[in-house]
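**Student:** Before I ask anything, let me first share the structure, which is written out below as structure tokens.
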Amino acid sequence: CGCIALNSGIAAGAVAIAIPEIPFDAEAAIEKIKSVKADGKRGMIVVVSEGVKTADGQPIGEFLTKQIEAETGIETRFARFAHIVRGGSPTLRDRLTATQMGAKAVELLLEGRSDMVICEIDGVIKPVEINFSLILDRMYKNKLKDGDLDAFTPEQIAQMKEICAKRSEEIRHMYELSHTICK
């Protein structure tokens, strides 16, 4: 999922953001870079999610870096921040969410419930059956395997599809927002 890259790009005012959920138009991004350069902007950031690949399945980040420099004449650097972003100092929200999730996990264990994962869904901390969560993740990433859905009811499958559609809409909305505010 490109959420970290998308949110980081918006927060940093990136001129372009590439995430796996939305087709990335490198030429349009390069044209935008040229345009903001012509408007006098000297420093620009392009954020690329780890999941974005070239047509032959290679990570696009380093390739795009070279393409931007070749087509714009702008000195360009590539940096892989994945673990730094994911492993940075926790914010107040991170600490509160972790505490709420930990408390919910202990509550479930005391009730004798296991095989659960604790999630934040629509701002609410709640348990989700781990197999449901794992298959939902595969569904969202379009990586379902034969038989993955066999253990689920039609209602559960419909629920998974609804969650995927909602998440895709949220990502699309944020991506469009990034184009509006990141110039």
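The values are calculated or read from the model by the stated rules, or taken from the named source; none is laboratory data. In this text the structure is predicted, and so the values were computed from the model without any measurement. Note that each Cβ is placed from the backbone with ideal geometry, even for glycine, and that neighbours are counted across all protein chains shown. With ligands, DNA and RNA removed, areas are computed over all heavy atoms of the protein, side chains included. Shrake-Rupley method; radii C 1.70, N 1.55, O 1.52, S 1.80 Å.
**Student:** Which value results for Rg/Rh of segment 25-64 when Rg is the Cα radius of gyration and Rh the Kirkwood radius based on the inverse mean 1/r?
**Tutor:** Across segment 25-64, the Cα-based Rg/Rh ratio is 1.05.
**Student:** Here is a further query. Looking at the chain only, what percent of DSSP beta bridges run antiparallel? Nearest 5 please.
**Tutor:** 70
**Student:** So how compact is segment 2-45: Cα radius of gyration and Dmax in angstrom?
**Tutor:** Final numbers for Rg and Dmax: 11.0, 31 Å.
**Student:** Hey, which of these cross-link pairs are over 18 Å Cα-Cα: Lys32/Lys66; Lys53/Lys166; Lys32/Lys53; Lys53/Lys141; Lys104/Lys143; Lys104/Lys166?
**Tutor:** Over 18 Å apart, Cα to Cα: Lys53/Lys166; Lys32/Lys53; Lys104/Lys143; Lys104/Lys166.
**Student:** Another question, if that's okay. Under 15 Å from a label point 7 Å along Cα→Cβ of Ala12: give me every residue in segment 24-38 with its amide N that close.
**Tutor:** none
**Student:** Would you kindly give the portion of the calculated P(r) for segment 90-179 that falls above 23 Å, as a percent of all Cα pairs?
**Tutor:** Values: 1552 of 4005 pairs.
Value for segment 90-179: 39 percent of Cα pairs lie more than 23 Å apart.
**Student:** Give, in nm to one decimal, the length gained when the segment between Ile74 and Glu176 is fully stretched (0.36 nm per residue of separation minus the Cα-Cα distance).
**Tutor:** Result for the pair: 34.1 nm of gain on full extension.
**Student:** Assuming 0.36 nm per residue, please report the length gained on full extension of the stretch Lys37 to Cys1 beyond their Cα-Cα distance.
**Tutor:** Extra length available between Lys37 and Cys1 comes to 10.0 nm.
**Student:** Looking at Gly61, Met116, Val128, which one has the Cα that reaches farthest to the positive end of the dipole of segment 55-172 (charges on Cβ: Lys, Arg +1; Asp, Glu -1)?
**Tutor:** The residue sitting most towards the positive pole is Gly61.
**Student:** Further question: How high is the relative contact order of the chain, in percent, counting Cα pairs under 8 Å that sit 6 or more residues apart?
**Tutor:** It comes to 23 percent, rounded to a whole number.
**Student:** Using a simple spin-label model with points 7 Å from Cα along the Cα→Cβ vector, what separation in nm is obtained for Ile121 and Glu169?
**Tutor:** 1.6
**Student:** Send over a whole-number figure in Å² for the accessible area per residue of the chain, probe 1.4 Å.
**Tutor:** 66
**Student:** Quick one: dipole size for the chain, taken about the Cα centre, charges +1 on Lys/Arg Cβ and -1 on Asp/Glu Cβ, in debye to the nearest 20.
**Tutor:** Value, rounded to 20: 680 debye.
**Student:** Right, another one. Going by accessible area, probe 1.4 Å, with all protein chains left in place, what is the ranking of Val46, Val128, largest first?
**Tutor:** Highest to lowest solvent-accessible surface, that is Val46, Val128.
**Student:** How far is the Cα center of segment 104-172 from the Cα center of segment 3-39, in Å?
**Tutor:** Cα centres, segment 104-172 to segment 3-39: 30 Å.
**Student:** So how compact is segment 44-136: Cα radius of gyration and Dmax in angstrom?
**Tutor:** 20.0, 62
**Student:** Let me check something: with ligands and nucleic acids excluded, how do Lys143, Lys41 order by accessible area (1.4 Å probe), largest to smallest?
**Tutor:** Lys143, Lys41
**Student:** Now, a different point. Can you give the three extents of the C-alpha atoms in segment 4-91 along their principal axes, from longest to shortest, in whole Å?
**Tutor:** Per principal axis, max minus min of the Cα coordinates gives 38, 32, 21 Å.
**Student:** If you don't mind, another one. If you line up the Cα atoms of the chain on their principal axes, what length do they span on each, largest first, in Å?
**Tutor:** Largest to smallest, the principal-axis extents are 62, 40, 26 Å.
**Student:** Mind ranking 13-23, 111-121 by how tightly packed they are, going by the mean number of other C-beta atoms within 10 angstrom, highest first?
**Tutor:** Values: 13-23: 20.3, 111-121: 11.9.
Output ranking for 13-23, 111-121: 13-23, 111-121.
**Student:** Sticking with this one: Using a 1.4 Å probe over the heavy atoms of the protein chains, calculate the carbon and sulfur portion of the accessible area of segment 5-85 as a whole percent.
**Tutor:** C and S atoms contribute 54 percent here.
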